[in-house]
Amino acid sequence: MFQVIGGRSVQVTRLLAPRRAVLVEAVRGRKSRTDPVAKSKEGRIKVPPPVDPREMVVLKERFAEYQLITRALRLEFKEEVLRKKYEEETGSLAEERARQEAEEHCALMAFNNQENLRMLEVRTLRVQKEKEEAERKQVEASVQREQQQQEFIKEKEKDILKLQEDAKNFITLENLDRRIEDALDNPKNYNFAIDKEGRVVKQTMLQ
């Protein structure tokens, strides 16, 4: 992966890899610090460009004038900022700001009280609805329990009637001899097979 750094394409993985020696980048271009001077530039002496004395005097005067103007503007801006700050803290602006803050506070308190009253009404309605809903559910649960109790009683009454009806066929000491005689006179064969429809398809003969 390559990335352009200082006008040169440098391999990022090589830069991020740990190195034992210090990585020294070239000053400009692709030439490093250890490369020799180009043959075309050997023996060349760098000479600074010539300076016109009259132009230098003019530049110095203009620079001094620029410094004076910027200093004066800076002081004027600083004085204006300090004056505004003083007026805000102790002058008429402070009183106006205090009055505005007091009015805003009163407006916010009034809005807060109004919002509290609205929320109180909403909460009261919600509590009333929840109470009515709870009472309705309680009544429905009571009616349901009453219905279940009535159904339970009816079911038990049916069981009692059925038991009373079945009790007529119970074997007791009084009818024991008669029931034995009936069983002997009318034998029943329970050894039979039935199909899927419940019909008897095969039955053994009594011995």
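The charge dipole of the stretch 91-207, taken about its Cα centre with unit charges on the Cβ of Lys, Arg, Asp and Glu (plus for the first two, minus for the last two), comes to roughly 540 debye.
With θ taken as phi - 60° and the Karplus curve 6.51 cos²θ - 1.76 cosθ + 1.60 applied, the whole-hertz 3J(HN,Hα) list for the stretch 129-135 is 5, 5, 5, 5, 5, 5, 5 Hz, x standing for glycine and proline.
Couplings 3J(HN,Hα) for the stretch 150-158, derived from phi with the Karplus relation 6.51 cos²θ - 1.76 cosθ + 1.60 (θ = phi - 60°), are 5, 5, 4, 5, 5, 4, 5, 5, 4 Hz, where x marks Gly and Pro. Can you tell which of Gln67, Leu176, Tyr86 lies farthest toward the positive end of the dipole of the stretch 65-207, using +1 and -1 charges on the Cβ of basic and acidic side chains (Lys, Arg; Asp, Glu)? Farthest towards the positive end: Leu176.
Using the Karplus relation 6.51 cos²θ - 1.76 cosθ + 1.60 with θ = phi - 60°, the per-residue 3J(HN,Hα) values for the stretch 97-111 come to 5, 5, 5, 5, 5, 5, 5, 5, 5, 4, 5, 5, 5, 5, 5 Hz, with x marking Gly and Pro.
Hey, rough spin-label estimate for Glu42 and Phe192, points 7 angstrom out along Cα→Cβ, what's it come to in nanometres? About 13.3 nm, to one decimal. Within the assembled protein chains, the solvent-accessible surface assigned to Asp185 is about 110 Å², based on a 1.4 Å probe.
The simple Förster model, with R0 at 41 Å and r as the Cβ-Cβ distance, assigns Gln147 and Glu121 a FRET efficiency of 0.60. The lysines within cross-link reach of Lys154, meaning a Cα-to-Cα straight distance under 25 Å and a gap of 8 or more places when in the same chain, are Lys162, Lys168.
For Glu103, the shell of other residues with beta-carbons less than 12 Å away shows a net charge of -1, using +1 for Lys and Arg and -1 for Asp and Glu.
One Cα centroid belongs to the stretch 165-200, the other to the stretch 90-134; the line between them spans 89 Å.
For Glu80 and Ala94, the difference between the fully extended length at 0.36 nm per residue and the C-alpha to C-alpha distance is 3.4 nm.
Roughly what % of Cα-Cα distances in the stretch 86-129 sit above 11 Å, to the whole percent? Let's see the in-between values first.
Numbers: 658 of 946 pairs.
Here the long-distance tail beyond 11 Å is 70 percent of all Cα pairs in the stretch 86-129.
Given their separation in residues at 0.36 nm each and the Cα-Cα distance between them, Leu163 and Ala72 gain 20.8 nm when the chain is fully extended.
The values are calculated or read from the model by the stated rules, or taken from the named source; none is laboratory data. Worth saying up front: this structure is predicted, and the values here are computed from it rather than measured. Heads up, the Cβs are rebuilt from the backbone with ideal geometry, glycines too, and the neighbour counts pull from every protein chain shown. Quick note on the areas: whole protein, heavy atoms, side chains included, nothing else; ligands and nucleic acids left out. Shrake-Rupley method; radii C 1.70, N 1.55, O 1.52, S 1.80 Å.
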